[in-house]
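Just so it is clear, none of the values below were taken in a lab; they were calculated from the coordinates. These numbers come from a predicted model, not from an experiment. Cβ placement follows ideal geometry from the backbone for every residue including glycine, while neighbour counts extend to all protein chains displayed.
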Amino acid sequence: MEKVGVAMLSFWHVHAPGYAEQIRGAPDAEIRVVWDEDEERGKQWAERLGVPFEPDLERAVGRDDVDGVVVDAPTNMHTEVILAAAGAGKHIFTEKVVALTVAEVDAIAEAVEKAGVHFVVSFPFRGDPRFKYAREVVDKGLLGRITTVRVRHGHGGVLDRWLPDHFLDPEPTGGGAMIDLGCHPMYLCRWYGGTPRRVTALFGNVEPDVRVDDNSAVLIEFEGGALGIVEASFVQRSLPWALEIHGTEGALHIGGPGAEVQLHAPQTTGVEGWIVPDKLPERDPHPIRQWLDAVTGKGEAKITLADGRDLTELMEAATRSHRTGTAVELPL
């Protein structure tokens, strides 16, 4: 079978080089062209990859040798870029979030459905064996009725000044730690907690010279009364991950230096102490691989545009809540 021709649409996002390497390493895909809103950066990456640079977005996505696109443009440009790709009938892989508002995601969904193309958004931690195990525990009812889900994700990118300046610009990003790192705990929190009904957010700053939030938290009320707590930070150096799921019959914890999984549910497991599972589920293929498998007919992607819409709804509600100082009711 002929390889899937891919257009890399911007290297704005820090994950773009990694995606490019995954495409280059795939036996059934190859990069055919680079487009970038920053012409100098785009030309540099095109030269590194040994492919042409195309400064015009419509021409880039309209190439006959391009079957799909990888979108790593500024977040506030996602809608424009994705609609152009869908309009050209190209399959789409995008960095999270899909777009900044639910209205934009709905417009994208309409275009994607009309084009009949495959769409995948990058939710890599949904495929992590530890977090898959946690979902299995919840689905089996081992924790009883879920009462609280807390997920934290952070790094020291602001403290150690390794984040690029454009990641700290509120216009292209739409926010800071919460809309960037917070995406991962946000989609995990919803995965375990169910349907959200109300969101309250506080976006904070530890470093006064940073123009976006660098230390933030969101409180989610789910149907049935369970609470979700999502924390995201650019100002921590240790323990990047923490997950707690509490229920009426037990608790599950992922954390500590090794981020190990521990389960305590004596009423449902018959084990009095904490259980460290000796076997975890298999890791799902990386979202890029899932996308390529969907495009080539080898499999179905587990992360859909509907999942992306759910995340954008929570992020849009959190942003509104922070700006207004009030709780935001869902659905939007």
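Worth pointing out:
- Charge dipole (the chain, unit charges on Cβ, about Cα centre) - positive-most of Leu142, Trp291, Thr200: Leu142
- Within a Gaussian network of the chain (alpha carbon springs, distance under 10 Å), most fluctuating of Asp209, Asp128, Asp284: Asp209
- Cα pair distances exceeding 24 angstrom across segment 7-125, given as percent: 18
- The residues neighbouring Glu58, those whose beta-carbon lies less than 13 Å from its own, together hold a net charge of 0 under the Lys/Arg +1, Asp/Glu -1 convention.
- Low-density loop positions, GluC sites (Glu not before Pro), segment 242-332 - DSSP coil, at most 12 other Cβ in 10 Å: Glu272, Glu282, Glu300
- Translational D in µm²/s for segment 184-332 (Stokes-Einstein at 4 °C, 1.567 mPa s, Kirkwood Rh from C-alpha pairs): 73
- Note on His91, His246: ascending count of other Cβ atoms within 10 Å places them as His246, His91, the fewest first.
- Cα long-axis angle, helix 39-49 against the chain (0 to 90 degrees, to the nearest 10): 90
- Over the chain, Cα pairs under 8 Å with separation of 6+ residues give a relative contact order of 18 percent.
- Of Lys114/Lys298; Lys132/Lys279; Lys3/Lys90; Lys90/Lys114, those spanning more than 20 Å from alpha-carbon to alpha-carbon: Lys114/Lys298
- Estimated FRET transfer efficiency when R0 is 45 angstrom, pair Thr269-Trp162 (beta carbons, to 0.05): 0.60
- Contact order for segment 4-117, expressed relative to its length and based on alpha carbon pairs under 8 Å spaced 6+ residues apart, stands at 26 percent.
- Structural descriptor for segment 131-222: relative contact order 27 percent, calculated from alpha carbon pairs under 8 angstrom and at least 6 residues apart.
- Charging the Cβ of each Asp and Glu at -1 and of each Lys and Arg at +1, and nothing else, the dipole of segment 4-117 about its Cα centre rounds to 220 debye.
- Net length gained if the chain between Leu280 and Glu58 were fully extended (0.36 nm per residue, minus Cα distance): 75.4 nm
- Tilt relative to the chain, helix 78-87 - C-alpha long axis, 0 to 90 degrees, to 10: 60
- Cα radius of gyration and Dmax for the chain (Å): 20.3, 63
- For the Cα trace of segment 124-268, dividing Rg by the Kirkwood Rh returns an Rg/Rh value of 1.01.
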